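This report refers to the structure that appears directly beneath it.
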Amino acid sequence: MARLFGTDGVRGRANGDITAELAVELSVGAAHVLGTLGAFNGTRDDTRPRAIVARDTRPSGDFLSAAVSAGLASAGVDVLDAEVLPTPGLAHLVQSTGADLGVMISASHNPAPDNGIKFFARGGVKLPDEVEDAIEARLGEEWDRPQGSDVGTITRYEGAVEAYVEHLVATLDRSLDGLTVVADCANGAASVTGPEALRRAGATVHVIGDLSDGGLINDGVGSTHLGPLQAAVREHGADIGVAFDGDADRCLAVDADGEVIDGDQIMAILALDLKERGKLHDDTLVVTVMSNLGLKLAMREHGIVLGQTGVGDRYVLEEMNLGGYSIGGEQSGHVIIAEHATTGDGELTALHLLQRIAGTGRSARELADVMTRLPQALINVKDVDKAKATIDRGVTDAVAAAEKELGESGRVLLRPSGTEPLVRVMVEAPTDEQASEVAERLAVIVRERVGF
């Protein structure tokens, strides 16, 4: 059977793939695995395990969070329901309150009909594969059900939004007074917390994508649809625009002219800021294999080394924890600032990006120009044996030849899909023409060598 957990929890079509019954079972499994871990890991030995549950604005979040809470309580876990809150807000509350686990109901940047369930362990950290496998192994098993006063309680978490906003603003060293920003909240979980944190920090804020209708989450707005933000920034004459996704764990930006500032550029800006302040541990920035080669070249010029991981912000975090590194993230806008967060936090990223602008007096575009993005071509080669693609001699020889041709001015990445029979061929090169030509050449070879 295929593994239930993906790179970021369990995700699929709500009330199709992700049912109330599955939510209950997963929550019971998590209560048994993470409740036990919390019990011997922590200092709380006088109470039942405690969980915090939150959701984004999707309509299906109501019944799924109710099912999750019911499953946890049936297993003897006390539940605090934080209602609508960004994923990093949940992670922060799990960490700051000493809760044993957290559960976020969200499908992040996916459309409204989708939803997902992702778990956080004590300390507000995402789960390693082996813990997810332990939860999955519990599905459908027989267990002793608590009775009477031994079942858990479900209580509304009063003040969850306020606690998170206060945390965000407290991470800043200076006011954002004088800056004008447009915030696109993707009609999602950041609709209250994002604008409020920016305003309290001193910025003048214009907001789009803050409709209360969760059926429109990520619908033409947010970090996956930057057009409305670009138009709004130009309309208001703003210094910068920031866009979150549905659960606000990622942030992309646009400059005063509406030009995109992606996750790589944001990480470059923030890494240089940390280095100048003596806070960049081992002068290292942790990224995934999908980050543009231009980031590596730019950071090398400033004495910063790139650590590299597989795709997924939890793998970035694992590497950061191993080396004690200060910052890492993904091109898509997941940025982890270790001093202040245990996971990618779009609102935290936006605040610190604006703080860098305020502190330097330089525009967003001037700061982003620290790196030049190399042209990139990406081709999805479908209906292939993805397992053979990285070991077939003909494919590997062709990749080696392309890498030799590009030298240090480009690179090649073949990445098998985690869910489909396809291989992604990505090429970066000095020109769009060369990137496309090399990518198309390699795609043909992959299709011929390992196609069905």
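The values are calculated or read from the model by the stated rules, or taken from the named source; none is laboratory data. All values derive from a computational prediction rather than experimental measurement. Positions of Cβ are backbone-derived with ideal geometry, glycine not excepted, and every protein chain shown enters the neighbour counts. Note: accessible area is taken over every heavy atom of the protein model, side chains too, but ligands, DNA and RNA are not part of it. Shrake-Rupley method; radii C 1.70, N 1.55, O 1.52, S 1.80 Å.
If you place +1 on the Cβ of every Lys and Arg and -1 on the Cβ of every Asp and Glu, how big does the dipole about the Cα centre of the stretch 158-252 come out, in debye to the nearest 20?
Values: 5 positive and 15 negative charges, 64 e Å.
Computed charge dipole of the stretch 158-252: roughly 300 debye.
Report the calculated FRET efficiency for Ser409 and Asn321 (r = Cβ-Cβ distance, R0 = 41 Å), to the nearest 0.05. List each step's numbers first, then the result.
Values: r = 33 Å, r/R0 = 0.81.
Efficiency, from the Cβ-Cβ distance: 0.80.
Computing the accessible area with a 1.4 Å probe over protein heavy atoms, can you report the carbon and sulfur percentage for the chain? Please list the in-between numbers first.
Working: 8950 of 18280 Å².
Of all accessible area on the chain, carbon and sulfur atoms account for 49 percent.
Could you point to the residue in Thr97, Ala368, Gly76 farthest towards the positive end of the chain's charge dipole, with +1 and -1 charges on the Cβ of Lys/Arg and Asp/Glu respectively?
Ala368
Once the whole set of protein chains is in place, how much accessible area is left on Glu366, using a 1.4 Å probe, in Å² to the nearest 10?
100 Å²
Considering the zone a paramagnetic label at Asp369 would reach in this model (a point 7 Å from Cα along the Cα-to-Cβ line), which residues of the stretch 223-258 have amide N under 16 Å from it?
255-258
Which three numbers, in whole Å and largest first, are the semi-axes of the equivalent ellipsoid of the chain derived from its Cα gyration tensor as √(5λ)?
36, 29, 20
Give, rounded to the nearest 20 debye, the magnitude of the charge dipole that the stretch 331-396 has about its Cα centre when Lys and Arg contribute +1 at Cβ and Asp and Glu contribute -1 at Cβ. Could the numbers behind the result be given before it?
Working: 8 positive and 8 negative charges, 53 e Å.
The calculated dipole for the stretch 331-396 is roughly 260 debye.
Scan around Ile208 for amide H atoms under 5 Å from its own, H built in the peptide plane at 1.01 Å from N, and keep only partners 5 or more places away or cross-chain.
Result for Ile208 returns Ala183, Asp184, Cys185.
DSSP loop GluC sites (Glu not before Pro) in the stretch 148-185 with at most 15 other Cβ atoms within 10 Å of their Cβ, which ones? Walk me through the numbers before you get to the answer.
Details: sites: Glu158, Glu162, Glu166; in loops: Glu158.
Filter output for the stretch 148-185: Glu158.
How do Thr342, Thr97 stack up against each other in accessible area, from largest to smallest, with a 1.4 angstrom probe? Working shown, then result.
Details: Thr342 20, Thr97 45 Å².
Largest accessible area first, the residues go Thr97, Thr342.
What's the FRET efficiency of His281 with His302 using the Cβ-Cβ distance as r and R₀ = 25 Å, to the nearest 0.05?
Values: r = 15 Å, r/R0 = 0.61.
Computed FRET efficiency for His281 and His302: 0.95.
Just how large is the dipole of the chain about the Cα centre, in debye to the nearest 20, putting +1 at every Lys and Arg Cβ and -1 at every Asp and Glu Cβ?
Numbers: 40 positive and 70 negative charges, 85 e Å.
It works out to roughly 420 debye.
Convert each backbone phi in the stretch 245-251 into a coupling constant with the Karplus relation 6.51 cos²θ - 1.76 cosθ + 1.60 (shift: θ = phi - 60°), then list the ³J(HN,Hα) values in order as whole Hz, x for Gly and Pro.
9, x, 10, 6, 9, 9, 9
Counting Lys +1, Arg +1, Asp -1, Glu -1, what net charge surrounds Gly6 among other residues with beta carbon under 14 Å of its beta carbon? Mind showing how you got there, number by number?
Details: positive: Arg3, Arg11, Arg13, Lys118, Lys126, Arg314; negative: Asp8, Asp17, Asp114, Asp129, Glu132, Asp133, Glu136, Asp313, Glu420.
Surrounding charge for Gly6 is -3.
From the residues Leu348, Val233, Gly178, which one has its Cα farthest along the dipole of the chain in the positive direction, the dipole being from +1 and -1 charges on Cβ of Lys/Arg and Asp/Glu about the Cα centre?
Leu348
Checking the a/c ratio against 1.5 first, then a/b against b/c, what shape does the Cα gyration tensor give for the stretch 224-346?
Numbers: a/c = 1.99, a/b = 1.61, b/c = 1.24.
Prolate.
Using 1/(1 + (r/R0)^6) with R0 = 51 angstrom and r between the beta carbons of Ser149 and Arg174, what's the FRET efficiency to the nearest 0.05?
Working: r = 51 Å, r/R0 = 1.00.
With a Förster radius of 51 Å, E is 0.50.
Multiplying the sequence separation of Phe63 and Lys388 by 0.36 nm and subtracting their Cα-Cα distance, what value in nm do you get?
Values: separation 325, 0.36 × 325 = 117.00 nm, distance 4.20 nm.
Computed gain between Phe63 and Lys388 is 112.8 nm.
What value in Å³ per residue do you get for the convex hull of the alpha-carbon atoms in the stretch 87-142? Mind showing how you got there, number by number?
Numbers: hull volume 5.6 nm³, N = 56.
Spelled out: Cα convex hull of the stretch 87-142, divided by residues, is 99 Å³.
Please enumerate, by chain and number, the lysines with C-alpha under 29 Å from the C-alpha of Lys404, excluding those fewer than 8 residues away in the same chain.
Lys296, Lys382, Lys386, Lys388
Rank Glu196, Glu301 by accessible area, highest first, at a 1.4 Å probe radius? Provide the component values of the computation, followed by the final result.
Numbers: Glu196 65, Glu301 150 Å².
Accessible-area ranking of Glu196, Glu301, largest first: Glu301, Glu196.
Accessible area per residue of the chain at 1.4 Å probe, in Å²? Don't skip to the end; give the middle numbers.
On the way: 18280 Å² over 452 residues.
Each residue of the chain exposes 40 Å² on average to a 1.4 Å probe.
Would you rank Leu295, Leu226 by solvent-accessible area, highest first, keeping every protein chain in place and using a 1.4 Å probe? Numbers along the way, then the final one.
Working: Leu295 0, Leu226 25 Å².
The residues order as Leu226, Leu295, largest area first.
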